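Novice: Have a look at this one before I ask anything.
The values are calculated or read from the model by the stated rules, or taken from the named source; none is laboratory data. If you're wondering where the values come from, they're calculated on a predicted model, not measured in any experiment. Ideal geometry is used to build each Cβ from the backbone, glycine not excepted, and the neighbour counts take in all protein chains shown. Only protein heavy atoms, including side chains, enter the accessible area calculation; ligands, DNA and RNA are left aside. Shrake-Rupley method; radii C 1.70, N 1.55, O 1.52, S 1.80 Å.
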Amino acid sequence: MDRFWWQIPGPNQYVADIVQDLIDGKNVVLCLPKHMPAGLSSAVRLEIGEEWHWQTFSLLEENETEPVHQLFNIFVREISPTEIRNARTLAQHQDFGGKIIWIENLTPPLWGPWKKFLTNYEQSCRSVSKWNRTLFCVPLIGDLAIDPPREDVCLSHHYWRGVVDRLDILLFTAHLFSGKQLSDLQKQVAISAIANLALWDPNVSEWLAYESLEHILNPLPILLEIGQSRCWCDEMISSGSDSWHRGVKDIIEGEEKIHSAALAFNDSTKEIDRRIWSAQVGVLLPFVEERRQELLSTCKDILTVPFQTNFGVISDLRDLEIGHIEYQLNSNLAGNRNIKRLAEQLKDIRNALSHLEPINHQLLLSREINDWRRILGK
């Protein structure tokens, strides 16, 4: 994962909270869903600086030695044969102090002994100065994330849930589009649409950012591919096995949402279309309104009021809607064809969005929409 991800507000605050607990002398258990963005270990290590010696401890499935014995064998140089090897002795041993140990490759068969060890070690840390403690940073991923040891004085939980908001994913997605050869409008629509589809998942942003505008606005095949790569399926979703820890759901801005790649298997409510439509509304309706006002100025000698509509008479030129402008321009045989075409396409955009329909990518690629500055003499 791009380092930039860990610098944006939500993920950066998550890392900062972890580091603050480490500084306060707490072991940290990270409860993480499957398909978590990569790079968390590096981000924490970078944030904590050089105050502690950082150690990554990668576990092996075939190693059935009790955790405390593994740790003594690796980190303690000398120990009396008569000394008891337990969590308390380890925590107080001078060879073991002053470290941050990041545990990797925890699996369900290994987790039972490690969970017991961490519970005992937390209690043992209370008798050691926080400046001399070695602390564990333990990522629990997927099913393990719902079975952490109990929080206590020297052990805290950090759930990757509700961490990311829309601004975070917009910033990250916009970063991915730096230097891409698209018009400003196309880029804004693409970024907004991807952010609405990705929700909290930067991996989706990375996947879609390299696709054409057509595929971004018609993303179902790509979303299905993402879901299949994660071994999601319609049966799993419909059976209720779609909990947060599997990466299928998360909370964004206070509301629980289903991952777009999970929805792709059975989107009976057309939620994916609604996410694309919502993204387009935020970009395109302001665009249409700004062009409407410019058309009023450019075509003021052609447009006329009073103008009869189905809802009454418009007497002020400034109140003409884009549909009224398009109608009057097309009723004038002498008008500029490019301006007429631009007004027609702006009306099509407004009408589609007003009827809760995402617009076709071809409209965004049209010459008039992308050349509006020259057409309006800007």
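Novice: For W102, list long-range residues whose amide hydrogen, built 1.01 Å from N in the peptide plane, is under 5 Å from its own amide hydrogen.
Specialist: Q55, T56, F57, C137
Novice: Dividing the Cα convex hull volume of the stretch 174-305 by residue count, how many Å³ per residue is that?
Specialist: 147
Novice: Compute the distance in nm between two label points, each set 7 Å from the Cα along the Cα-to-Cβ direction, one at S331 and one at V76.
Specialist: 9.3
Novice: If you count, for each residue, the other Cβ atoms within 10 Å and average over each peptide, how do 215-227, 186-198 line up from highest to lowest?
Specialist: Result, highest mean Cβ count within 10 Å first: 186-198, 215-227.
Novice: Can you tell me, using C-alpha contacts under 8 Å and at least 6 residues apart, the relative contact order of the stretch 57-120 as a whole percent?
Specialist: Answer for the stretch 57-120 is 52 percent.
Novice: Please work through the chain and write down the cysteines that have no neighbouring cysteine Cβ at a distance under 4.7 Å.
Specialist: C31, C137, C231, C233, C299
Novice: Give the peptides 159-171, 25-37, 67-79 in descending order of average Cβ contacts within 10 Å, highest first.
Specialist: Those peptides, ordered most packed to least, come out 25-37, 159-171, 67-79.
Novice: Now for a different question. With every protein chain present, what is the per residue accessible area of the chain (1.4 Å probe, Å²)?
Specialist: Each residue of the chain exposes 50 Å² on average to a 1.4 Å probe.
Novice: Along each of the three principal axes of the Cα atoms of the stretch 26-116, give the extent in whole Å, ordering the values from largest to smallest.
Specialist: 46, 33, 20
Novice: From the cross-link list K26/K130; K187/K257; K340/K378; K187/K378; K180/K347, which pairs have alpha carbons spaced over 18 Å apart?
Specialist: Correct reply: K187/K257; K187/K378; K180/K347.
Novice: Same structure, new question: Gap in Å between the Cα centre of the stretch 245-289 and the Cα centre of the stretch 120-187?
Specialist: About 24 Å separates the Cα centre of the stretch 120-187 from the one of the stretch 245-289.
Novice: How large is ³J(HN,Hα) for each residue in the stretch 123-134, as worked out from phi by the Karplus curve 6.51 cos²θ - 1.76 cosθ + 1.60 (θ = phi - 60°), to whole Hz, x for Gly and Pro?
Specialist: Listing the rounded values in order: 5, 5, 5, 5, 8, 10, 3, 5, 6, 9, 6, 8 Hz.
Novice: Here is a follow-up. How large is the Kirkwood hydrodynamic radius of the stretch 256-330, counting all unique pairs of alpha carbons, in Å?
Specialist: 15.2
Novice: To the nearest 10 square angstrom, what accessible area does D301 show with a 1.4 Å probe?
Specialist: Rounded to the nearest 10, the figure is 140 Å².
Novice: Mind listing the long-range amide H neighbours of S156? Cut-off is under 5 Å, sequence gap 5 or more, other chains count too, H placed in the peptide plane at 1.01 Å from N.
Specialist: Counting only residues 5 or more places away or on other chains, the set is N27, V28, V29.
Novice: May I pose another question? For the stretch 1-52, what's the relative contact order in percent, using C-alpha pairs closer than 8 Å and at least 6 residues apart?
Specialist: Taking the mean separation of contacting Cα pairs over the length of the stretch 1-52, I get 49 percent.
Novice: Can you tell me which of 4-11, 202-209, 46-53 comes out highest on packing, and rank the rest after it, using the mean Cβ neighbours within 10 Å?
Specialist: The densest-packed peptide leads the list: 202-209, 4-11, 46-53.
Novice: Moving to a separate point now. Rg over Rh of the stretch 89-160, using C-alpha atoms and the Kirkwood radius, what does it come to?
Specialist: Reported Rg/Rh, Kirkwood definition of Rh: 0.96.
Novice: While we're looking at this one, here's another question. Test of understanding: what is the full-extension gain from R3 to T119, defined as 0.36 nm times their sequence separation minus their Cα-Cα distance?
Specialist: Stretched fully, the R3-T119 segment lengthens by 38.5 nm.
Novice: In square nanometres, what is one fourth of the surface area of the convex hull spanned by the alpha carbons of the chain?
Specialist: With the hull built on Cα positions only, its mean projection is 24.2 nm².
Novice: With r defined as the distance between the Cβ atoms of E51 and D152 and R0 fixed at 22 Å, what FRET efficiency is calculated, to the nearest 0.05?
Specialist: For R0 = 22 Å, the calculated efficiency reads 0.40.
Novice: Could I ask something else about it? Of the beta bridges DSSP finds with both residues in the chain, what % are antiparallel, to the nearest 5?
Specialist: 30
Novice: A further question follows. Leaving ligands, DNA and RNA out of it, report the carbon-plus-sulfur percent of the accessible area of the stretch 171-294 at a 1.4 Å probe.
Specialist: 48
Novice: Here's a follow-up. I'd like the Karplus ³J(HN,Hα) series for the stretch 217-229: coefficients 6.51, -1.76, 1.60, θ = phi - 60°, whole numbers in Hz, and an x wherever there's a Gly or Pro.
Specialist: 8, 10, x, 3, x, 5, 4, 4, 5, 4, x, 5, 5
Novice: Test of the criteria: in the stretch 245-352, which chymotrypsin sites (Phe, Trp or Tyr not before Pro) are in a DSSP loop and have at most 15 other Cβ atoms within 10 angstrom of their Cβ?
Specialist: Passing sites in the stretch 245-352 are F311.
Novice: Please report the relative contact order for the chain, taking Cα pairs under 8 Å with a sequence separation of at least 6, and give it as a percent rounded to a whole number.
Specialist: 16
Novice: While we're looking at this one, here's another question. Which far-off residues, 5 or more places away or on another chain, put their amide H under 5 Å from the one on G162, with H placed in the peptide plane?
Specialist: Correct list: I251.
Novice: Moving to a separate point now. Sort out for me the Cα centre separation of the stretch 7-56 from the stretch 337-352, rounded to whole Å.
Specialist: 51
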